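Since every read-out is calculated from the coordinates, none of them should be taken as a lab result. Being a predicted model, the structure only gives us computed values, none of them experimental.
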Amino acid sequence: MKSNFLGKISGIFLVAFLFFSCSSELDFDQVKDLKLEPVVVANLAYFDIPANQLIDDGGTNIAYDIRNFDVFKESFFTNRLNKAEFNFEIENIIDRTFVLNMLLMNDESEILETISYTVPSYNGTTTIIKYPTEVFENERLALLKQTTKIGFVVLIAAGPPLNDESLGNLKLRSSATAYLVIE
């Protein structure tokens with residue numbers, strides 16, 4: 001009984017102590033100074049074209065594809081994008097040289113910018129070529145924000161003819177890194 005009484009008294013003193021402990025006023029105005037700078041990495045484009053789908057006569061030929069790119073339709077993302085970087089790597093296992101052009105286009109299919117990569121022919125060993133990072137800032141970023149379509153044009157240089165029996169493939173892997181500022 002005596003220990004129960006001491007427990008109640010101790011509890012009352014503990015609660016009283018908590019009410020008189022140190023505290024300070026909370027400053028919710030600090031939220032106005034909050035600045036977030038997230039970095040988002042995403043796949044940009046990927047393709048794997050087998051040589052037997054690039055049937056040609058040995059001359060210069062063109063393969064192309066255009067895709068919608070609706071990333072900038074959301075104003076939240078567009079208004080907060082501060083910088084973007086594109087990274088590309090290409091693997092060629094076909095005995096032909098290629099030129100890969102990436103076309104950034106607007107709604108009217110007008111080309112805003114062309115990014116070109118020369119891809120050397122296969123020399124017997126698998127080589128993955130990592131190209132320099134394409135950085136979009138300032139005026140170049142403003143052009144990127146107008147992009148609604150991305151086109152890929154593959155120019156096949158003259159060389160040995162490709163047919164249904166041709167081996168190898170051309171692979172593209174790319175990523176985009178977006179630097180945002182949220183205030």
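Once the Cα-Cα distance is subtracted from the 0.36 nm per residue extended length, the residue 165 to residue 40 segment shows a gain of 40.8 nm. An ellipsoid equivalent to the chain, defined through the eigenvalues of its Cα gyration tensor, has semi-axes of 60, 23, 12 Å when rounded to whole angstrom and sorted largest first.
Nearest 10 degrees is fine. How inclined is helix 2-19 to the longest principal axis of the chain, computing both from alpha carbons? Once rounded, the angle reads 60 degrees.
Here residue 83 is the anchor, and the lysines within straight C-alpha reach of less than 22 Å, apart from those fewer than 8 places off in the same chain, are 35, 73, 130, 145, 149.
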